[in-house]
Amino acid sequence: MPASYTPKTRGAMADKHSHSQTVQTNMSAAQATVGDVLATKGGDVIAIRPQDTVQHAVEIMSENRIGVVLVKDAQGALCGILSERDIVRQLAQTPGQTLPKTVDALMTTELKTTTTDETLVTVLRRMTDGRFRHLPVMEGETLIGLISIGDVVNYRLTALEYEALQLKQLIVG
């Protein structure tokens, strides 16, 4: 064997520890919060008024390529949410009569909300169990954003891609 080559033996490696997995990296997915998603996504929301027509809401959704609009009253307080699903249900019940109706006739008023410190795992469970895809994010009584199940999945996929890149760099060197 050449003198420059020293095989790695258990004794030679005794003082070196592998850190490819740590408590921090293993727990990062469980600790990610709604605030982490909003930090990357931003807090912009599209809102309409309760007295707007469903036709107007559909136009806003189409123009912005979104599946939900938040509904705020004249004072700017969150009072409801209107989703594509709400509109489709009403279209099935009253064909040809839905678009002229006002948003307040179709919107969901019993809102489920979240805060920036709620974990993504908890949010995903609530969305799945409740069969809804969007949650307004509140700070006290103030609306600060909107999070969708797609936002949560995208955030997690990005994190997984980063973790895979770190592993590849660790292996390749």
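For Lys101, give me every one of the aspartates and glutamates with a C-alpha distance below 12 angstrom, ignoring sequence neighbours fewer than eight places off in its own chain.
Here the aspartates and glutamates satisfying the reach criterion relative to Lys101 are Asp52.
Label points 7 Å out from Cα along the Cβ direction at Glu59 and Asp104: separation in nm?
Once both label points are built, they end up 2.1 nm from each other.
Highest first, please rank the peptides 118-129, 154-165 by the mean number of other Cβ atoms sitting within 10 Å of their residues. Each step should come with its number before you reach the end.
Values: 118-129: 15.2, 154-165: 12.7.
Those peptides, ordered most packed to least, come out 118-129, 154-165.
What percentages make up the Cα-Cα pair-distance distribution of the stretch 27-172 when the bins are 10 Å wide from 0?
11, 37, 30, 15, 6, 2, 0
Would you pull out the residues with amide H under 5 Å of Val71's amide H, same chain only if 5 or more places away, H placed 1.01 Å from N?
Hits under the 5 Å cutoff: Ile48, Cys79, Gly80, Ile81, Leu82.
Taking the simple approach of a point 7 Å from Cα along Cα-to-Cβ for both Arg49 and Gln97, what is their distance in nm?
Placing both labels 7 Å along Cα→Cβ, they lie 2.6 nm apart.
What is the sum of charges around Glu139, taking Lys and Arg as +1, Asp and Glu as -1, for the other residues whose C-beta is under 14 Å from the C-beta of Glu139?
That sum, taken over residues with Cβ under 14 Å, equals -3.
Read-outs: derived from the displayed coordinates by stated rules, not from any lab. Bear in mind the structure is a predicted one, so any value in this text is a computation, not a measurement. Note that each Cβ is placed from the backbone with ideal geometry, even for glycine, and that neighbours are counted across all protein chains shown.
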